[in-house]
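Contents: one structure, followed by commentary.
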Amino acid sequence: MAEDPAAPVLLDVAGLKKYFPIRQGLFRRVVGHVKAVDDVSFFVRKRETLALVGESGCGKTTTARAILRAAEPTAGTVKFLTRSGSVVDVTSEPRASLRPLRREMQLIFQDPWSSLNPRMTLLDLIGEPLLVHGMRSASERQGQVEALLKRVGLRPEYMGRYPHAFSGGQRQRIGIARALALRPSLLVADEPVSALDVSVQAQILNLLLELQLEFGLTYLFVSHDLAVVKHLSDRVAVMYAGRIVEIGQADRVFSAPRHPYTEALLSAVPEPNPEWKTRRIVLEGDVPDPAHLPTGCAFHPRCRYAIDRCRTEEVPLAADASGHLARCIRADELTLAGVATPVV
Amino acid sequence: MTRMVAEDVARTGSGPAPLLTVRDLCTWYFSNEGVVHAVDGVNFDVHAGRTLGIVGESGCGKSVTARSILRIVEKPGRIVRGSIHLHPPAGQGEPRDLVQLREDGPEMRAIQGGDIALVFQEPMTSFSPVHTVGNQIIETIRLHDRSMTKALARDRAIEMLQMVGIPRAERRVDEFAYQLSGGLRQRAMIALALACNPRLLIADEPTTALDVTTQAQILELLKRLQAERGMAIMLITHNLGVIAEMADDVAVMYLGRVVEHAPVRELFRSPQHPYTRALLRSIPSLHVPPRQALATIEGTVPHPLNRPSGCPFHPRCEVAIAGTCESHVPDLLPIGTGPAPALVSCFLHHPFGDGARQETN
Ligand SMILES: Nc1ncnc2c1ncn2[C@@H]1O[C@H](COP(=O)(O)OP(=O)(O)OP(=O)(O)O)[C@@H](O)[C@H]1O
Ligand SMILES: Nc1ncnc2c1ncn2[C@@H]1O[C@H](COP(=O)(O)OP(=O)(O)O)[C@@H](O)[C@H]1O
Ligand code: SF4
Ligand code: SF4
Ligand SMILES: [Mg+2]
Ligand SMILES: [Mg+2]
């Protein structure tokens, strides 16, 4: 599914920042800031999947949490198109009026082991959001929970059981059922398959694809796994050290990346095919400490294309003719390697 | 019967004499709720200078196999059957069966970290929080070579840290593991493991906790060290991409058994076991158009206390043979005749009655 430019924008994030203070000494004075999310902007259209990818610590989870106000953003706006057709800025809503918004924006977590209350049965876990949002009748709730369990591939008879009796994949299905209970329009999924085995991961990815079509869901899909992302997304945003360094259509980002970091990231993925000799770009060193970012382009100490200007100049996100954005001074002159996609 | 089959496997193993031969290894855990057959009849060989990849989903017994080889299985677990022969370099004595050695005896101690070293997924747990990285490497070196002075061992520790690509090793040698980044810590862990020149390095998910770009660094490092030192590597992972890139031979495990064993290209080009086939189809790939559904395997890996009878894969197998697969255990047998044939444990390849044994457990 290519981007449908006619579809309305459901989520519009602009200039989002989340800084964590670094405190030191006897009086816990603030001596600096971790710029976990620094000036992040993107939009997600209705019914599409935008993937947020990058390595650990680059700010993906913090971005997702700031969007949902699970962490108070330091700056920026998060505009959301509600079901009633009005656009609200999630960041400036008073806390008390967030509840009706929460119905429409739901979160799925990475860790199916810790994200479900062990003392609640499936009926309570999945029924709770329904009750909180006013579904008083117990039999009506039970009917809903039954339908949801069936839809995510669990047997309704399990309703009376506790989460510990389920495997990782089954718990992830429970988490999905719970998130779906209120018929949200946006699902923010933070590494939802990262803790799962290959065969279970495939089942959950397929379930997410089906549910999206069936319920017209919009996904913000956070992941560090590029192959997983390829199976799910329409567009991809790549983060490095708290900033977005590239955004574009999934097939373009994968086949013709415009940022050297994306190129290196793609080449680092081990290919499940011993016949293919990959031309691997091995990056030197580590991801920079977000408390002490390099000047200029934050990627310059590890970039094989860096020139003098990269060390000093602030680099903006700039688009090519097709609207594919990259934060690289040399984006237009470099020809970077992507992955080949077989024609079908 | 089982043992005879195991000998067949030894004879058909690839190339020159192996460094390690594991035969019919069974390691069970005797817990209150029942007996977990964590490893239940595992067979494979490891060869000098080669990498054996062990792949399988969570709980299939990869780590317990590694712990069994090093004789560090924790209670209530115990090796209940089988052999693990460590072969000395040519002309230097007889192979020893590690299963017969005392867990905490001097022979086993000399082998742990000496002949065979282990690298874990989480390097933090292998380093002590109260000793510097350098002191731990020095201690390991001197444990295995009493004639080594402290000063010499320190030089060697620095050399090891340099060898694994840690910048400013002379300074890092005095740091603590928690002061290093994930990638550097994994490098230090590898330096510690290699300090005594092991002939076999067992790496249990060495890159699973790392980012892809750091993983790429560590995989390159392991390849280089193997080329330089000719050591054997047993690489345990659930990542088939890592296997494709690193392994010469692959053993695929399911519920405590090796279900297929083949040279890496063969395994990926023409997988023979129904589980291997299904597993390979379910891996997400970068080489597909965006938004493609994946092939899946029905159901999930059963709970270890609910081990299916017969072929452990039968409840999920699309081609199971009714009347046979649910009641009989297929053995791991060669297919084809070449010098290093693939081994498969499935009645489709070896019809029942032809080398298969009755269900015994
Ligand atoms: N101390 C123990 N007590 C009881 N059962 C155990 C113990 N350690 C391991 N097991 C069981 O042995 C089986 C194999 O475990 P093992 O750790 O070898 O799996 P693995 O293949 O390494 O999985 P992973 O990919 O999750 O690391 C599992 O069913 C596990 O529950
Ligand atoms: N509560 C917090 N206090 C201080 N620093 C934090 C906090 N949460 C996250 N960070 C830092 O912000 C950065 C981004 O973290 P995170 O969003 O969790 O990354 P990702 O999800 O991409 O792995 C990291 O450097 C992390 O250490
Ligand atoms: S701006 Fe310079 S350092 Fe940064 S990615 Fe582009 S070429 Fe590399
Ligand atoms: S032995 Fe039977 S159940 Fe097992 S993998 Fe082969 S066909 Fe399937
Ligand atoms: Mg995260
Ligand atoms: Mg393990």
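So, with +1 on the Cβ of K and R and -1 on the Cβ of D and E, and no other charges, what is the size of the charge dipole of chain A about its Cα centre, to the nearest 20 debye?
Values: 43 positive and 38 negative charges, 207 e Å.
About 1000 debye.
When you take every Cα atom in the range A:117-201, what is the radius of gyration, and what is Dmax, the widest Cα pair distance, in Å?
Computed over the Cα atoms of the range A:117-201, radius of gyration and Dmax are 12.7, 40 Å.
Please state the shape class of chain B: rounded when a/c is under 1.5, otherwise prolate if a/b exceeds b/c and oblate if not, all from the C-alpha gyration tensor. Intermediate values should be presented prior to the final figure.
Working: a/c = 1.90, a/b = 1.52, b/c = 1.24.
Prolate is the answer for chain B, as a/c is 1.5 or above and a/b outweighs b/c.
Using a 1.4 angstrom probe, figure out how much accessible area the range B:43-88 has per residue, in square angstrom, rounded to the nearest whole. Walk me through the intermediate numbers first.
Working: 1520 Å² over 46 residues.
The answer is 33 Å² per residue.
Per residue, how much accessible area does chain A show when a 1.4 Å probe rolls over the protein heavy atoms, in square angstrom? Please report the intermediate quantities before stating the final value.
On the way: 15240 Å² over 344 residues.
Roughly 44 Å² per residue, with all protein chains present.
Could you work out which residue, out of A:VAL269, A:VAL34, A:VAL145, moves most in a Gaussian network model of chain A, that is, has the largest mean-square fluctuation with Cα springs under 10 Å?
A:VAL269
Rounded to the nearest 500, what is the 222 nm mean residue ellipticity of the protein assembly as shown from helices alone, with -39500 (n - 2.57) per DSSP H run of 4+ residues and division by all residues?
Numbers: 21 runs with 203 residues, N = 705.
That comes out to -8500 deg cm²/dmol.
Normalised by the number of residues in chain B, what is the relative contact order in percent for Cα pairs under 8 Å and 6+ residues apart? Numbers along the way, then the final one.
Working: 670 pairs, mean separation 72.3, N = 361.
Relative CO of chain B lands at 20 percent.
For a quick check of understanding: with a 1.4 angstrom probe and all protein chains in place, what accessible area in square angstrom does B:PHE127 have, to the nearest ten?
It works out to around 10 Å².
Within the accessible area of the protein assembly as shown, what % is carbon and sulfur when the probe is 1.4 Å and the other protein chains stay in place?
Working: 15700 of 30290 Å².
Result for the protein assembly as shown: 52 percent of the exposed heavy-atom area is carbon or sulfur.
Under 8 Å for C-alpha pairs, at least 6 residues apart: give me the relative contact order for the range A:236-344, rounded to a whole percent. The partial results should precede the final answer.
On the way: 154 pairs, mean separation 38.9, N = 109.
Normalised by residue count, the contact order of the range A:236-344 is 36 percent.
Before we go on, tell me the buried accessible area for the A/B pair, both chains summed, 1.4 Å probe, in Å² to the nearest 100.
Working: alone 17280 and 17130 Å², together 30290 Å².
Chain pair A/B: roughly 4100 Å² of buried accessible area.
Please give the solvent-accessible surface of A:TYR19 in Å², to the nearest 10, using a probe radius of 1.4 Å with every protein chain present.
Its accessible surface works out to 50 Å², give or take rounding.
For an R0 of 35 angstrom, estimate the FRET efficiency from the Cβ-Cβ distance between B:GLN92 and B:ASP155 and round to the nearest 0.05. Could you put the intermediate results ahead of the total?
Values: r = 28 Å, r/R0 = 0.80.
It comes out at approximately 0.80.
Give the relative contact order (percent, whole number) for the range A:82-187; include only Cα pairs under 8 Å separated by 6+ residues.
On the way: 111 pairs, mean separation 42.8, N = 106.
Computed value for the range A:82-187: 40 percent relative contact order.
Cα atoms only, chain A: Rg and Dmax in Å?
21.2, 69
As an exercise, use a Förster radius of 22 Å and the Cβ-Cβ distance of A:TYR162 and B:ASN306 to find the FRET efficiency, rounded to the nearest 0.05.
Details: r = 18 Å, r/R0 = 0.83.
Once the sixth-power term is evaluated, E becomes 0.75.
Sum up the charges of everything whose Cβ sits under 9 Å from the Cβ of A:ALA268, counting Lys and Arg as +1 and Asp and Glu as -1, but leave A:ALA268 out.
Numbers: positive: A:ARG280; negative: B:ASP211.
Charge balance in the 9 Å sphere: 0.
Which distance in nm do the two modelled labels at B:ARG78 and B:ARG229 give, with both placed 7 Å along the Cα-to-Cβ direction?
Result for the modelled spin labels: 3.5 nm.
Which aspartates and glutamates, on any chain, are close to A:LYS150 with Cα under 15 Å apart, when same-chain ones fewer than 8 places away are left out?
Of all the aspartates and glutamates, those that pass the test against A:LYS150 - Cα under 15 Å, at least 8 places apart if same chain - are A:GLU210, A:GLU214.
Put simply, what bits of the range B:271-293 lose 20 Å² or more of accessible area when the other protein chains are there, versus the chain on its own (1.4 Å probe)?
Residues of the range B:271-293 that lose at least 20 Å² of accessible area once the other chains are added: B:SER282, B:ILE283, B:PRO284, B:SER285, B:LEU286, B:HIS287, B:VAL288, B:PRO289, B:PRO290, B:ARG291, B:GLN292, B:ALA293.
Relative to the longest principal axis of the C-alpha atoms of chain B, give the angle of the C-alpha long axis of helix B:133-144, reported between 0 and 90° and rounded to the nearest 10°.
Approximately 80 degrees, to the nearest ten.
Is the C-alpha gyration tensor of the range A:188-261 telling us rounded, prolate or oblate? Criteria: a/c under 1.5 is rounded; beyond that, a/b larger than b/c is prolate, otherwise oblate. Spell out each step's value before the answer.
Working: a/c = 1.92, a/b = 1.57, b/c = 1.22.
It comes out prolate by the Cα gyration axes.
Which value, in Å to one decimal place, does the Kirkwood hydrodynamic radius take for the range B:99-167 when every pair of different Cα atoms is included?
On the way: mean 1/r = 0.0739 Å⁻¹.
After inverting the pairwise mean of 1/r, the radius is 13.5 Å.
Could you pull out every residue, at least 5 positions away or on a different chain, whose amide H is within less than 5 Å of the one on A:ALA36? Hs are placed 1.01 Å off N in the peptide plane, and Pro or chain starts have none.
Sorted by chain and number, the residues that satisfy this are A:LYS18, A:PHE20.
Across 10 Å bins from 0, what is the distribution of all Cα-Cα pair distances for the range A:174-313, in whole percents?
10, 34, 32, 18, 6, 0
Can you give the FRET efficiency to the nearest 0.05 for A:THR77 and B:PHE176, using r as the Cβ-Cβ distance and R₀ = 60 Å?
0.90
Based on the Cα atoms of the protein assembly as shown, what semi-axes does the equivalent ellipsoid have, where each is the square root of 5 times one gyration tensor eigenvalue, given in whole Å with the largest first? If you can, show how the numbers build up before the last one.
Details: eigenvalues 383, 229, 117 Å².
So the three semi-axes of the protein assembly as shown are 44, 34, 24 Å.
With a 1.4 Å probe and every protein chain left in place, work out the accessible area per residue of the range B:231-337 in Å², rounded to a whole number. Please report the intermediate quantities before stating the final value.
Working: 3730 Å² over 107 residues.
Solvent-accessible surface per residue comes out at 35 Å².
The values are calculated or read from the model by the stated rules, or taken from the named source; none is laboratory data. Please read all numbers here as calculations on a predicted model, not as lab measurements. In this analysis, Cβ positions are derived from the backbone assuming ideal geometry, glycine residues included, and neighbour counts consider all displayed protein chains. Calculation scope for accessible area: heavy atoms of the full protein, side chains included, ligands and nucleic acids excluded. Shrake-Rupley method; radii C 1.70, N 1.55, O 1.52, S 1.80 Å.
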